[in-house]
Amino acid sequence: MASARTYSIAVTGIDGHLVEIEADIGQGLSSVNTTAGPYAALHEARGRVRAAIANTAGAAWPDGRIVLALSPPTPPKVGGVHDLALAAAILAAASAVPSRRLASTVLLGELALDGRLRPVRGILPAVQAARDAGFSTVVVPQATLAEAGLATGVDVFGACDLRAVLDWLRGEGVLLEPATETAPDTVGNYGDLSEVPGHDEARWAMEVAAAGGHALRLSGPEGVGKVMLAQRLSGLLPPLTESESLQVTAIHSMAGTLPDTKAQITEPLYVTAHHSTSVAALIGGGVSARPGAISRAHLGVLHLDFYEEFNATVLEALRNPLEDGEVRIARRDGVIRYPAQILLVLTGSVCPCDAARDTDCTCSPLTLRRHRARLRGPVADRIDLSVRMFPQDRSSFSDVAAESSAVVRERVAAARVAAASRWHDESATTNSQVPTRALRQFPLSQKAIEPIKSALRLGQISPRGAERTIRVAWTICDLRGGERPTVEDLTQALNFRHIATR
């Protein structure tokens, strides 16, 4: 009889790939065949699409032998994102709708059995991929219209059901457009730093960590304030740029955790993981290869409380993401990548008995060694700042309020501007991101570097630890407005690597 072509998007990671969908209706017994390979999700879509067309007024399932082809067939197909495009291709091949608009339009959405359009994950990266592929129009489910509208340079329309899309293709109806107003940003409000009195050393370590993107560990007894400080760390980070905001929003769209109150995430997020978290939940994976907690915390804070209770395999999985700034999930059809530039903060106790001070500890030396060995060498070597916290005395609870998050945030922003200016040629914005070869282009004086050399000779730090200590020293220098790290900066950075074990 005839054939028709429509277009959809398959999203892997946060990258979209154009999928061409062809429908051919020929003579023979009524049947539906697909050439999409072994993907069960597409074979399941045949039943949904047939029921949706049959239950939609103004549409009818065509008689004959229907062949559906998807090209390329190799990218994994997630959920029912191609349902709408499949239905339109079948009806266009049957001459039930004209093909004029289909050539420049990408159709996205899962069909319910009664023809309603259901939202799918990854709408934002899918719309961006459609724009990059040269398409001028994208049709999405109404529930995801606000998210899809974040993409610029492409016309986005929303529909509530298949009937509305068919009327639009026939030129007999109009689709919804994105609203111009957005809801107020309520994401990431975990309190202010001024609400946590005392702990000057921990507060300074948090400021250094936020300014340079350095991993932080807070150790101390229960109730000392470790978690309260960790929850407020994201409030010290500068707001996300427009490109960073869209990237973080795309990750949460793929994870299905985009807040209902706002389509776009504009502030760094605070993400926490329970100590029973699996490797797949932390790093990402599963059947649909969703992003894990570390990617959902991209450009924000990932907090692991009771880190000593985490499975050793889970902690070991942090090594590559902390070093590379991305997560790589191997699959049969390739490697899925998610960005994971995080500010890691670990909180836990110094010993199993959770004594407030060393003199109160009842643990044996062997028990202490086993407890501290829970964080193994390669991961522990990537923790740049360690602070031992003690219970505060009454003098900490004075009438003088501690510095607020806004005040500290201004200093952090100024330090990041200084670092970004220095590493401009490397496209790095923090001292933790700059490549090693670029770091060596700014050599330090022999006097300043002496504490590092001494620690290396004594075996107190590894070569990697020495390099990361220099990065921390650069951040301390940026916070005080200096030109080059001094011996005091290097000594302070070196002390941060050992203070938790004293």
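For the structure I just gave you, tell me whether Glu207 is closer than 26 Å to Ser99 by Cα and either modelled with pLDDT under 95 or over 21 Å from the mean Cα position of the chain (by Cα) (or both).
The answer is no for Glu207.
Given (1) farther than 17 Å from Thr152 by Cβ; (2) surrounded by 19 or more Cβ atoms within 10 Å (Cβ to Cβ), identify the lone condition not met by Asp63.
Status for Asp63: all satisfied but (2).
Give the number of residues within the stretch 273-309 that are of a type in the set (S, T, N, Q) and in contact (Cβ under 8 Å) with a residue 40 or more places away in the chain.
2
What number goes with the only condition from (1) at pLDDT 85 or above; (2) under 25 Å from Ala130 (Cα atoms); (3) touching a helix residue (DSSP H, G or I) at 6+ places or on another chain (Cβ under 7 Å) that Thr105 does not pass?
(3)
Hey, among the residues in the stretch 324-341 that are over 11 Å from Gly292 (Cβ atoms) and in contact (Cβ under 8 Å) with a residue 40 or more places away in the chain, which one's nearest to the chain's Cα centre (by Cα)?
Pro339
Residues Thr152, Thr144: which one is under 23 Å from Met254 (Cβ atoms), assigned to a loop (DSSP other than H, G, I, E, B), in the same structural domain as Glu44 (by TED's automatic domain parsing) and not basic (Lys, Arg)?
Thr152
Please count how many residues of the stretch 443-475 are more than 35 Å from the chain's Cα centre (by Cα), part of a helix (DSSP H, G or I) and not acidic (Asp, Glu).
Going through the stretch 443-475 one residue at a time, the tally reaches 10.
Please verify whether the stretch 361-376 includes one or more residues that are without any contact (Cβ under 8 Å) to a residue 24 or more places away in the chain and touching a His at 6+ places or on another chain (Cβ under 9 Å).
yes
Tell me, yes or no, whether the stretch 133-148 has at least one residue that is among the hydrophobic types (A, V, I, L, M, F, W, C), within 26 Å of Ile336 (Cα to Cα), in contact with a Ser or Thr (Cβ under 9 Å, 6 or more places away or on another chain) and surrounded by fewer than 19 Cβ atoms within 10 Å (Cβ to Cβ).
No, every residue in the stretch 133-148 fails to be among the hydrophobic types (A, V, I, L, M, F, W, C), within 26 Å of Ile336 (Cα to Cα), in contact with a Ser or Thr (Cβ under 9 Å, 6 or more places away or on another chain) and surrounded by fewer than 19 Cβ atoms within 10 Å (Cβ to Cβ).
Check Gly80, Gly109, Gly115 and return the single one that is under 23 Å from Gly256 (Cα atoms), assigned by TED's automatic domain parsing to the domain that holds Val32, over 30 Å from the mean Cα position of the chain (by Cα) and not charged (D, E, K, R).
Exactly one of Gly80, Gly109, Gly115 is under 23 Å from Gly256 (Cα atoms), assigned by TED's automatic domain parsing to the domain that holds Val32, over 30 Å from the mean Cα position of the chain (by Cα) and not charged (D, E, K, R), namely Gly115.
When residues of the stretch 454-483 are filtered for being at positive phi and at pLDDT below 90, how many remain?
Residues that pass the stated criteria total 1.
The values are calculated or read from the model by the stated rules, or taken from the named source; none is laboratory data. Every value quoted in this text rests on a predicted model; they were computed, and no experiment measured them. Every residue, glycine as well, gets a Cβ built from its backbone with ideal geometry; the counts of neighbours run over all protein chains shown.
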